[in-house]
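Any read-out appearing in this document is the output of simple, stated calculations on the displayed coordinates, not a laboratory observation. What you are looking at is a predicted structure, and each value in this text was computed from that prediction instead of being measured. Glycine also receives a Cβ, built like all others from the backbone with ideal geometry; neighbour counts cover every protein chain displayed.
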Amino acid sequence: MRMDRNAVAPGPVIAGFSHGGFRIDDNVYRALLITPERADGWEPPALEALGEADVASVLALDPAPEFLLLGTGATLVRPSPAFTAALEARGIGVEAMDSRAAARAWGVLRAEGRWIVGALYPLG
């Protein structure tokens, strides 16, 4: 799959999938934490153990992001209610979907200029 860079949205663009990971520029990340300013590899916990501290680095933006785009792997799995409540208490929503859909949504939402962050689990 190929996704084209949109000049409207500065920052990292998920250009596609390669070798079981997310391709951004010359790098491939198996799992990914991404903000409008940077992309970093990530060693996520099991989804049921995901806590606010596991994504703290992407939540620390100023201004705070609108929401966290959570890619849950090969299929959609809802995060724990405690995780969602912790982020919502900070005024940050959680949008969960499978990781391929989250990667595509990242490009669309950033092209709209949305101030979001992402945490994407491995593709499979």
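Across the range 26-61, what is the number of residues that are of a type in the set (Ser, Thr, Tyr) and out of contact with any strand residue (DSSP E or B) (no Cβ under 8 Å at 6 or more places or on another chain)?
Residues meeting the conditions: 0.
For the range 4-29, how many residues are in contact (Cβ under 8 Å) with a residue 60 or more places away in the chain, within 20 Å of residue 116 (Cα to Cα) and part of a loop (DSSP other than H, G, I, E, B)?
Going through the range 4-29 one residue at a time, the tally reaches 6.
Residue 94: assigned to a helix (DSSP H, G or I), touching a residue at least 12 places away in the same chain (Cβ under 8 Å) and touching a Pro at 6+ places or on another chain (Cβ under 8 Å), yes or no?
Considered against the rule, which asks whether it is assigned to a helix (DSSP H, G or I), touching a residue at least 12 places away in the same chain (Cβ under 8 Å) and touching a Pro at 6+ places or on another chain (Cβ under 8 Å), residue 94 comes out as no.
Could we say that residue 76 is within 21 Å of residue 122 (Cβ to Cβ), in contact (Cβ under 8 Å) with a residue 40 or more places away in the chain and not small (Gly, Ala, Ser) here?
Here the answer is no, as residue 76 does not meet what is asked.
Could you tell me how many of the residues in the range 62-78 are in a loop (DSSP other than H, G, I, E, B), touching a strand residue (DSSP E or B) at 6+ places or on another chain (Cβ under 6 Å) and crowded, with 17+ Cβ neighbours inside 10 Å?
2
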